Amino acid sequence: MIWYPYQQMKTMGAPYEIVDAEGVYLYTKEGKMIDSVSSWWSVIHGYKHPELNQAIIDQVNRFSHVMLGGLTHQPVQRLSQKLEEFLPGDLNYCFFSDSGSVAVEVALKMALQYCMNRGEHGRTMILALEHAYHGDTFKTMEAGDDEDYHFVLNAYGPSQYVVHIPTEVQALEQAFARHGHQLNCLLVEPLLQGAGGMRMYDISFLKRARELCDQYGVLLIFDEVATGLGRTGNRFVADLVLPDILVLGKALTGGYIGHAVTVANQRVFEAFYDDDPGHALMHGPTFMGNALACAAALKSIELFERQDYMSKIRRIEAVTRREMAGFSHPRVREVRIMGGCVCVEVLHPDDLRGYQQFAYQRGVFSRPFLNCMYAMVPYVIPEEALIQVLDTMKAWFAGRG
């Protein structure tokens, strides 16, 4: 029996069975539907992309996987080199893993050990955001701040090691004044907080965060698992404000294979580069640097650059703003749009009860959560399909008082 994610198994409805997928469409036995959420925000090139398929086929005909313990291979070498060229600043040191949650876990471990290696043993605390979501491994849950996902940690009581603040500069400054010399890192989802409610905030918060991290000697970590590769309308938010550690996943491989990377700058890496074996980063996911995933990631980045995906994202945002202009309803609290993301926040979760099936009947796969109806479409979506997604969202409220 399959144990499905984020579901009460006793009461969940039957999931839609997918028999094929191509472009922006998922196919069931009954018909097709537009995937408006890109399989949890990852399938940016759409399904069954011929170049991505071929990159994986070519690599599987060589070999699928070898571990990085005492071995290496060209796909992981080429991907590391490409990321060094592709990413801003001196984000040059790539530690690979098999999921975004693990990659954030690695970043938090790096930040703590960075301080330990430098003899700063009092820096045991993490500063994070309210409504944060960074994954479902234990330290990422602790750094997160979402009762809907992480209530199991109530068994341990309040964390002694994490401080959560709103995305307000005053709260940021107060937190540094109070805890600055105890912090090893500030961890954020930059500009767009995903699973915590598609919350959007201003770049001024991140600019001030960079200044305070420099002032207090604290590492700044950007969790761009969801936001990286264009979702906010920027290639990376790290292009605007440079972090010390950057985490990527999801769209890294075009959503074809699970893979993620934690990328550190020179200063972080040098704290581990030592004759002392106790200063090594003792971490090693079995499938880190998987050859198939690296081949997919290299092709994904190539497509992103060669086909000018930033222009595609600007088109998605422009069409979304045009189609959603003037839309309001008594049950809607706010409509938020940023890059390739649109969120209609309703007043109460019950206002979205039944929407998934409503959308399915209109040829759209959607997965609302909490009080958020949202879309994060593949970047290759045709305009008419994007309008169909947005019209379906608006149609839900027709006739509802």
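The values are calculated or read from the model by the stated rules, or taken from the named source; none is laboratory data. Because the structure is predicted, anything quoted here is derived from the model rather than measured. In this analysis, Cβ positions are derived from the backbone assuming ideal geometry, glycine residues included, and neighbour counts consider all displayed protein chains. Remember, those area values only see protein heavy atoms, side chains included, never the ligands or the DNA or RNA. Shrake-Rupley method; radii C 1.70, N 1.55, O 1.52, S 1.80 Å.
Structural remarks
- Cβ-Cβ under 6 Å pairs, at least 6 apart or on other chains, the range 83-100 side over 14 Å from Asp239 (Cα atoms) and without any contact (Cβ under 8 Å) to a residue 40 or more places away in the chain, far side assigned to a helix (DSSP H, G or I) and open to solvent by 60 Å² or more (accessible area, probe 1.4 Å): none
- In the range 123-148, residue farthest from Lys250 (Cα to Cα) [restricted to those that are out of contact with any Asp or Glu (no Cβ under 7 Å at 6 or more places or on another chain) and open to solvent by 50 Å² or more (accessible area, probe 1.4 Å)]: Thr124
- A single entry from Ile18, Ile2 fulfils the requirement of being exposed (fewer than 13 other Cβ atoms within 10 Å of the Cβ), free of Cβ contacts under 8 Å to residues at least 60 places away in the same chain, of a type in the set (Val, Ile, Thr) and in a loop (DSSP other than H, G, I, E, B): Ile2.
- Which numbered condition His65 fails, given (1) touching a Cys at 6+ places or on another chain (Cβ under 7 Å); (2) touching a residue at least 60 places away in the same chain (Cβ under 8 Å): (1)
- Among the candidates Leu83, Leu26, Leu91, residue that is assigned to a helix (DSSP H, G or I), closer than 24 Å to Leu229 by Cβ and open to solvent by less than 60 Å² (accessible area, probe 1.4 Å): Leu83
- Ile245 vs. criteria surrounded by fewer than 24 Cβ atoms within 10 Å (Cβ to Cβ), touching a residue at least 40 places away in the same chain (Cβ under 8 Å), under 28 Å from His65 (Cβ atoms) and not acidic (Asp, Glu): no
- For the residues Val43, Val37, Val66, the requirement of being under 25 Å from Ser101 (Cβ atoms) and open to solvent by 40 Å² or more (accessible area, probe 1.4 Å) singles out Val66.
- Answer residue from the range 141-171, given it is in a helix (DSSP H, G or I) and in contact with a helix residue (DSSP H, G or I) (Cβ under 6 Å, 6 or more places away or on another chain) and is modelled with the lowest pLDDT among those: His150
- Just one of the listed residues (Ala132, Ala128) is of a type in the set (A, V, I, L, M, F, W, C) and part of a loop (DSSP other than H, G, I, E, B), and it is Ala132.
- Once the range 43-80 is narrowed to residues that are of a type in the set (S, T, N, Q) and part of a helix (DSSP H, G or I), the residue that is nearest to His259 (Cα to Cα) is Ser80.
- Residue in the range 149-179 that is farthest from Leu219 (Cα to Cα), counting only those that are more than 23 Å from the chain's Cα centre (by Cα) and open to solvent by less than 20 Å² (accessible area, probe 1.4 Å): Ala171
- Residue count for the range 228-249 under the criterion of being under 13 Å from Leu192 (Cβ atoms) and not hydrophobic (A, V, I, L, M, F, W, C): the result is 6.
- Going through (1) touching a Phe, Trp or Tyr at 6+ places or on another chain (Cβ under 7 Å); (2) surrounded by fewer than 22 Cβ atoms within 10 Å (Cβ to Cβ) one by one, Glu384 falls short only on (1).
- Screening Leu127 with (1) touching a Leu at 6+ places or on another chain (Cβ under 6 Å); (2) farther than 28 Å from Gly197 by Cα gives one miss only, at (2).
- Exclusive hit being over 23 Å from Ala385 (Cβ atoms), in contact with a helix residue (DSSP H, G or I) (Cβ under 7 Å, 6 or more places away or on another chain) and open to solvent by less than 30 Å² (accessible area, probe 1.4 Å), set Val319, Val346, Val342: Val346
- Cβ pairs under 7 Å, 6+ apart, first in the range 370-398 and at negative phi and touching a residue at least 60 places away in the same chain (Cβ under 8 Å), second open to solvent by less than 10 Å² (accessible area, probe 1.4 Å) and of a type in the set (S, T, N, Q): Ala375/Ser36; Met376/Ser38; Val377/Ser36; Val377/Ser38; Pro378/Ser38; Val389/Ser36; Leu390/Thr320
- Unique residue being touching a Gly at 6+ places or on another chain (Cβ under 8 Å) and not β-branched (Val, Ile, Thr) when the list is Leu26, Leu83, Leu52, Leu71: Leu52
- Scope the range 94-115; condition part of a helix (DSSP H, G or I) and either open to solvent by 60 Å² or more (accessible area, probe 1.4 Å) or aromatic (Phe, Trp, Tyr) (or both); matching residues: Lys109, Leu112, Tyr114
- Residues located in the range 185-211, provided they are closer than 16 Å to Leu240 by Cα and open to solvent by 10 Å² or more (accessible area, probe 1.4 Å): Glu189, Leu191, Met200, Tyr201, Asp202, Ile203, Ser204, Lys207, Arg208, Arg210, Glu211
Each row is one residue, and each column tells you yes or no for (1) of a type outside the set (Lys, Arg); (2) within 22 Å of the chain's Cα centre (by Cα).
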site: Phe358; (1), (2): yes, no
site: Arg362; (1), (2): no, no
site: Arg367; (1), (2): no, yes
site: Cys372; (1), (2): yes, yes
site: Ala395; (1), (2): yes, no
